[in-house]
1. Take peptides 324-336, 142-154 and line them up by average Cβ neighbours within 10 Å, highest first, as a rough protection proxy.
2. Which lysines does residue 140 reach when only Cα atoms under 23 Å apart count, and residues fewer than 8 places away in its own chain are ignored?
3. Considering only 171, 258, 229, whose Cα is most displaced toward the positive end of the charge dipole of segment 170-263, charges sitting on Cβ of Lys, Arg (+1) and Asp, Glu (-1)?
4. First check a/c for segment 230-353, with a ≥ b ≥ c the square roots of the eigenvalues of its C-alpha gyration tensor; if it is under 1.5, answer rounded, and if not, answer prolate when a/b is larger than b/c or oblate otherwise.
5. Identify which of 273, 283, 253 has the largest mean-square fluctuation in a Gaussian network model of the chain, with springs joining Cα atoms closer than 10 Å.
6. State in Å² the accessible area per residue of segment 259-311; use a 1.4 Å probe, count heavy atoms of protein chains only, and round to the nearest integer.
7. What fraction of the Cα pairs in segment 52-181, stated in percent, has a spacing above 19 angstrom?
8. For segment 121-127, what does the Karplus curve 6.51 cos²θ - 1.76 cosθ + 1.60, with θ = phi - 60°, yield as ³J(HN,Hα) per residue in whole Hz, taken in order and with x for Gly and Pro?
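The values are calculated or read from the model by the stated rules, or taken from the named source; none is laboratory data. Being a predicted model, the structure only gives us computed values, none of them experimental. Backbone-built Cβ (ideal geometry, glycine too); neighbour counts: all protein chains shown. Side chains are part of the model used for accessible areas, which takes the heavy atoms of the whole protein and leaves out ligands, DNA and RNA. Shrake-Rupley method; radii C 1.70, N 1.55, O 1.52, S 1.80 Å.
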Amino acid sequence: MKRLRFAGLVLGVLLLPCPGSHAQQPWPLWESYKKRFVDDQGRVIDRSANDRTTSEGQAYAMFFSLVDNDRGRFDKLLNWTEQNLASGDLTLHLPAWNWGKTSSGEWKVIDENSASDADVWMVYCLIEAGRLWHQPRYEKLGRTMALRVAKQEVVLVNGLGTTLAPGPNGFHPDQETWIVNPSYMPLPVIVFLAKVMPHEAWSSVLSSMPALTGGDVSHRFAMDWVAAGSGGIHPCLAPRQPSSGLREPQISGSYDAIRVYLWLGMADAGTPGLKKYLLQTSGMSTYLQSAVTPPLEVDVDGKVIRADAPPGFSAAVIPYLSSAGLKAQATAQRDRLAATRDPSTGLYGRTAEYYDQNLALFSTAWSERRFRFEHDGSLHVSWR
């Protein structure tokens with residue numbers, strides 16, 4: 001009997017959480033997301049786009065795995081990315097942005113160009129995973145990738161300064177002009193990179209970011225794409241944007257720009273420059289003081305082109321409205337998001353669109369205090 005009691009005592013001690021850690025709380029939305037969009041290999045599948053996989057999706061899922069303290073999932077995502085998007089070596093190659101089924105029926109990389117938004121999120125996840133999980137390999141890989149991003153995707157633009165191009169190729173239509181995407185530069189992540197890699201160009205990227213966001217560029221709304229060069233800074237069409245056949249492409253703030261509000265909203269109140277960013281993008285907060293849902297598309301003059309946004313847009317502006325002190329408006333968007341949840345899938349929206357779920361994962365995890373960004377961009381997670 002004494003042996004049994006002793007064994008029970010030892011087992012109880014072994015099951016105690018490590019100092020500084022806390023029991024991990026269930027995360028129903030992440031579980032539902034994994035069930036629908038992530039396979040056993042660690043591939044994130046965009047089922048609304050011919051089952052393709054993007055480097056962005058892989059990077060976001062790595063972040064969510066880190067927030068969930070799931071190193072096994074993180075490793076699978078990292079390994080799949082390295083083997084399939086980076087020719088087996090992320091120290092030599094930034095990940096290709098688009099992998100899927102070709103016209104011949106083969107599953108492979110479709111576009112080898114990298115996407116800098118995915119790259120900086122992946123760098124961030126690796127460096128912080130190294131710190132939080134005490135795994136130096138992750139941090140060293142992240143720093144190596146950050147150096148490659150700085151060499152291949154950070155550019156000097158006349159009239160703007162140093163900025164992050166969306167990718168190495170296809171965004172420099174003439175010698176004087178670069179096309180950039182403000183949502184590719186999440187404020188907490190760039191602040192973090194400027195801190196941990198002070199001898200690289202990240203501080204200069206951070207300094208040029210305000211010129212690209214709202215304010216004088218548009219009527220205090222973030223835009224999807226911005227052209228910068230000796231001719232000035234102004235919103236523009238996406239590079240090589242195809243016509244839908246229904247209407248001509250328009251210069252606007254929509255599916256890309258909505259992330260600008262999300263990144264700003266999740267930033268710590270002490271993040272350098274945050275108050276200025278919130279003022280420059282106040283067209284959205286002003287609009288939502290009288291509108292039920294965020295606009296799906298806004299033009300450069302602040303005119304709403306399409307009003308009714310999907311539930312992911314409501315998710316994206318919840319932290320933004322909270323940070324702007326608009327608690328009633330944040331609650332209204334939180335209620336709208338909750339009303340769109342499908343009990344049968346645990347996901348948001350009748351068709352459970354992939355992009356909506358990603359926006360909702362960031363927003364709800366932040367609202368539930370599963371993570372937060374510190375003023376220097378470093379990551380605080382609830383399990384530590």
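1. Details: 324-336: 16.6, 142-154: 18.7.
Final packing ranking: 142-154, 324-336.
2. Hits, sequence-local ones excluded: 76, 151, 195.
3. 258
4. Values: a/c = 1.88, a/b = 1.10, b/c = 1.71.
Verdict is oblate for segment 230-353.
5. It is 273.
6. Working: 2200 Å² over 53 residues.
Accessible area per residue: 42 Å².
7. On the way: 4157 of 8385 pairs.
When all Cα pairs of segment 52-181 are counted, 50 percent exceed 19 Å.
8. Running phi through 6.51 cos²θ - 1.76 cosθ + 1.60 with θ = phi - 60° gives 5, 5, 4, 4, 4, 5, 5 Hz.
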